[in-house]
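Only the coordinates and a few stated rules stand behind these numbers; no lab work does. Keep in mind that this is a model prediction, so the values were computed, not measured. Quick reminder, even Gly has a Cβ in these numbers, built from the backbone with ideal geometry, and neighbours come from all protein chains shown.
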């Protein structure tokens, strides 16, 4: 494909040099530069891509996309495309390079503070059960069928998204369901994607601080941007800001879910259930026309927590609006499994062990409050907080733990470039007057082993913070670490 063809939809760009060049790849890491590649010099939070332009050119890049004026020698060596927004231009050129696959796929985007991952997995599993081959892009995996890669970000860079979409289409996928983060929207990662349905789960203060959003209102504004890219919306009408999310969008249809009378898909009469260490919930679903057939159904969900009812309602509302039969939806919900989201890990003991990704105070308190309703003998919690992130999360999670757990172990999460002991100290500082058992064990493996060793009949043990992740970031090193593997190893260790 010629460079000129990639620039068709890229308004506001100035090209210096020839655009009659063959393009073989789009890159934003200079190490991947080669003959025929276009290098995007992204200005990031920690590094400035412009510092790597010379390296990319030396390795064979045919063109460079950058903001601002570059040294004259660069213009003499390669074609330079000047733009005010490198990320936006990368999204536009990526869409052209991969043939705009979202225009031919049923594309569903899910946004919200909580519930994005659970909702995307539920939607995908229902669509697959209905015979619709569906890809997924999000926090846990990117891919389709057995071709799944672990995700490195909730919403990948635009080039990766367009590449994934093209691969899904080529493999016969008819649909894709995608988590859409506020950062992904802010950084133009989902620009030039044709969304058929946008889903709003909820919103609360999060991702606010250095390197994220300046305020809650800014966070809300970026979340709302998804719906300007959608034809239809499925929204949580129990959330007090749901009207703000969609008010500026030009939508063909809005379907509401929740527990209020105005909901098109409404849950009532929720009942908790447990069986052989597995926890779940049942509820009565009232579904209105046109999507819900004016019907009442009993929904049984194979994962615990009242908070998951909203996620199931979102998934059901999406799938019924697409005409999926009730029998398929009900059977899928009875067998649903979501990696690292209130996931039961069976170690053959007389207590329940749950793995969950809860990594802020709101999510942790919601999780623990929901599990308390199952009336465990003790509700035990092991958790930590990530380093080089908003410090307020530490106090919020410590407070949530103190208010909800009977037995607490504080450990390391992804300390990154911070001292793990200092992070733990920040967390435990808010709990210093708490009269509950609180242990500080910096080594996460030892902390999990201790939590399992403390388990007794009728307890629920929550291993929180990392969920599906199979790594731990310590310093600048990413090491293999899987909470699930450590938990399962205790099956043999525990007599």
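Set the Förster radius R0 to 41 Å, insert the Cβ-Cβ distance between residue 435 and residue 261 as r into 1/(1 + (r/R0)^6), and round the FRET efficiency to 0.05. Working shown, then result.
On the way: r = 43 Å, r/R0 = 1.05.
The value I calculate is 0.40.
Cα gyration tensor of the stretch 3-97, axes a ≥ b ≥ c as square roots of the eigenvalues: rounded (a/c below 1.5), prolate (a/b > b/c) or oblate?
On the way: a/c = 1.27, a/b = 1.12, b/c = 1.13.
Verdict is rounded for the stretch 3-97.
Any idea how far apart residue 282 and residue 19 come out in nm if each label point goes 7 Å out from Cα toward Cβ?
Computed distance between label sites residue 282 and residue 19 equals 6.4 nm.
Can you give the relative contact order of the stretch 101-334 as a percent, counting alpha carbon pairs under 8 Å and 6+ residues apart?
Working: 485 pairs, mean separation 45.0, N = 234.
With pairs under 8 Å counted, the relative contact order is 19 percent.
For residue 43 and residue 104, what does the FRET efficiency come to when R0 = 30 Å and r is the distance between their Cβ atoms, rounded to the nearest 0.05? Numbers along the way, then the final one.
Values: r = 33 Å, r/R0 = 1.10.
Between residue 43 and residue 104 the formula returns 0.35.
Test of understanding: what is the full-extension gain from residue 152 to residue 450, defined as 0.36 nm times their sequence separation minus their Cα-Cα distance? Let's see the in-between values first.
Numbers: separation 298, 0.36 × 298 = 107.28 nm, distance 2.93 nm.
Stretched out fully, the residue 152 to residue 450 stretch lengthens by 104.4 nm.
Modelled label-to-label distance, residue 171 and residue 251, 7 Å Cα→beta-carbon offset: nm?
Placing both labels 7 Å along Cα→Cβ, they lie 3.0 nm apart.
Suppose R0 equals 45 Å; then what is the FRET efficiency for residue 55 and residue 217 from their Cβ-Cβ distance, rounded to the nearest 0.05?
Values: r = 40 Å, r/R0 = 0.88.
For residue 55 and residue 217, the calculated efficiency is 0.70.
Using alpha-carbon pairs under 8 Å, 6+ residues apart, how would you state the relative contact order of the stretch 343-493 in percent?
About 33 percent, as a whole number.
Grab the DSSP H runs of the chain that are 4 residues or longer, score each as -39,500 (n - 2.57), total them, divide by all residues and round the 222 nm result to the nearest 500 deg cm²/dmol. All intermediate terms of the calculation are to be shown ahead of the outcome.
On the way: 16 runs with 154 residues, N = 495.
The helix contribution divided over the chain gives -9000 deg cm²/dmol.
Take every Cα pair under 8 Å in the chain that's 6+ residues apart, average their separations, divide by the length, and report that relative contact order as a whole percent.
Working: 1092 pairs, mean separation 48.6, N = 495.
Worked out over the chain, it gives 10 percent.
Multiply the residue gap between residue 331 and residue 2 by 0.36 nm, knock off their C-alpha separation, and tell me the result in nm, one decimal place. Display every interim value, and only then the final one.
Working: separation 329, 0.36 × 329 = 118.44 nm, distance 4.90 nm.
Extra length from residue 331 to residue 2 when fully extended: 113.5 nm.
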